[in-house]
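The values are calculated or read from the model by the stated rules, or taken from the named source; none is laboratory data. Just so it is clear, the model here is predicted, and its values are computed rather than measured. All Cβ positions, even for glycine, are placed from backbone atoms using ideal geometry, and neighbour counts span all protein chains on display.
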Amino acid sequence: MSTTRIVVTGIGASSPIGGTAPESWSALLAGESGARSLEHDWVQEYQLPVTFAAEAKVRPDTVLQRPVAKRLDPASQFAMVAAMEAWADAGSPDVDPDRLGVDFATGIGGVWTLLDAWDTLREKGPRRVMPMTVPMLMPNAAAGNLSLHFGARAYARTVASACASSTESLVNALSHLRDGLADVVIAGGTESAIHPITLAAFASMQALSKRNDSPETASRPASIDRDGFVMAEGAAVLILETEEHARARGAKIYGALVGGGVTADSHHITANDPEGHGAARAVRQALEMAGASPDDVTHINAHATSTPVGDPNEYQALRAVFGARVDDIPVSATKASTGHLLGGTGALEAIFTVLALRDRVAPPTINLTEQDPDVPFRISGEPTQLGAGDHLAISNSFGFGGHNAVVAFASV
């Protein structure tokens, strides 16, 4: 396998706690929450059992030009906003279009476009269904539109592996860059699925927190009184390139993407393996690709969705890799602040991991009232200093279908 070093030169994000990556990072360190009561008529119309979510702090159609926004589903709008920020942050790389690729992801895709079109069909008939409906709802719409906007002709690929989606897109980007398919890759993920049907469906399966009276404290990973995740939306993008290409153009470098692992549980369509075998293998793969050992890891961004079953299962998986040392590694569970962006969450947490290494600080995990003894991570409600020197961190994502994806980043 190629050992070409891959670095992060640009970041962009539109999240529930910030309209940009820096704003999101600052809010995360400050312990802010993006969860809020939903102010939509349809909440009462459908008598939803969950009346809150973590909507994006800045609506993407207020950032994009109106003609652009109108032909994109909200998921693609978020992707475009985050990618434009990341591209500018990277210095708008001068790269041969045939050497620029897109590795992108979503868990659900254009659900708003699909269901709005269904309403139009039922209420007004087929002639009123928009011609752009299919190009807007298809899961690869974000990748395709990013390819068009930035002139990326190396490839434009899409991953849809539920909550592991955008972490898997980063693993793919790492492999594609090392395999020489591109010099620069726009990688990340997006989701905009805060919709009556998804809220009702997730609530029906008892996956969502029902703390309607206190949305900002609802997501509480590792806390003994956690009761489910908080639905969120947004997008995150990382500009990845070979270190040689980045150095040649004098780009600033945030960190290095040094390893990735992707596995499957083959256990259950929604529940992860209680013994964490697949998750543990993904962590080991990421470390092996990085040429590192478990002893080298100094920080973990946990998947930690705040579900009663998921959090202890992740702890067991990490303990299988790190042994008792896992209790000494600073762990952040950033979904406590952002909620769960489904297909966009892995890329956002990858950005947080890169910035944690850059600033040598593990972000806080809010809402931890009493730590569950079955999830004894070293986790704190305050930022934790990582100290000087070199650092290696992993970021975990696990999704319905038994998908596991892990990325490893090194400080520079």
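Counting only residues that are more than 18 Å from Gly189 (Cα to Cα), aliphatic (A, V, I, L, M) and part of a loop (DSSP other than H, G, I, E, B), how many does region 65-95 have?
1
In region 46-72, what residues are among the charged types (D, E, K, R) and either surrounded by 18 or more Cβ atoms within 10 Å (Cβ to Cβ) or touching a residue at least 24 places away in the same chain (Cβ under 8 Å) (or both)? If you could, list the steps in order and put the result at the bottom.
Filtering region 46-72 for residues among the charged types (D, E, K, R) gives 55, 57, 59, 61, 66, 70-71.
Glu55, Lys57, Arg71, listed by residue number.
As an exercise: evaluate Ala27 against (1) touching a Gly at 6+ places or on another chain (Cβ under 6 Å); (2) farther than 24 Å from Ala143 by Cβ; (3) not in a helix (DSSP H, G or I) and give the number of the one condition it does not meet.
(3)
Within region 15-24, can you find the residues that are buried (at least 24 other Cβ atoms within 10 Å of the Cβ) and closer than 28 Å to Arg247 by Cα?
Ala21, Ser24
When the residues of region 311-327 are narrowed to those that are under 23 Å from the mean Cα position of the chain (by Cα) and acidic (Asp, Glu), which ends up surrounded by the fewest Cβ atoms within 10 Å (Cβ to Cβ)?
Asp311
Return yes or no: is Val262 buried (at least 21 other Cβ atoms within 10 Å of the Cβ), within 24 Å of Ile194 (Cβ to Cβ), under 17 Å from the mean Cα position of the chain (by Cα) and modelled with pLDDT of 95 or more?
Numbers: buried (at least 21 other Cβ atoms within 10 Å of the Cβ): yes; within 24 Å of Ile194 (Cβ to Cβ): no; under 17 Å from the mean Cα position of the chain (by Cα): yes; modelled with pLDDT of 95 or more: yes.
It is false that Val262 is buried (at least 21 other Cβ atoms within 10 Å of the Cβ), within 24 Å of Ile194 (Cβ to Cβ), under 17 Å from the mean Cα position of the chain (by Cα) and modelled with pLDDT of 95 or more.
Please specify each residue of region 254-281 satisfying the condition of being touching a residue at least 60 places away in the same chain (Cβ under 8 Å), of a type outside the set (Phe, Trp, Tyr) and part of a loop (DSSP other than H, G, I, E, B).
Of everything in region 254-281, those that are touching a residue at least 60 places away in the same chain (Cβ under 8 Å), of a type outside the set (Phe, Trp, Tyr) and part of a loop (DSSP other than H, G, I, E, B) turn out to be Asp265, Ser266, His267, His268, Ile269, Thr270, Asn272, Asp273.
How about region 191-224: which of its residues are surrounded by fewer than 23 Cβ atoms within 10 Å (Cβ to Cβ) and among the acidic types (Asp, Glu)?
Listed by number, the residues that qualify are Asp213, Glu216.
Quick one: is His303 surrounded by 23 or more Cβ atoms within 10 Å (Cβ to Cβ), part of a loop (DSSP other than H, G, I, E, B) and not charged (D, E, K, R)?
Judged against the criteria, His303 is a match.
Please pick out the residue among Arg249, Arg284 that is in contact (Cβ under 8 Å) with a residue 40 or more places away in the chain, among the basic types (Lys, Arg) and surrounded by 14 or more Cβ atoms within 10 Å (Cβ to Cβ).
Sole residue among the options that is in contact (Cβ under 8 Å) with a residue 40 or more places away in the chain, among the basic types (Lys, Arg) and surrounded by 14 or more Cβ atoms within 10 Å (Cβ to Cβ): Arg249.
Helices (runs of 4 or more DSSP H) wholly in region 309-403 with at least 3 residues that are over 23 Å from Leu170 (Cα atoms) - which ones?
310-322
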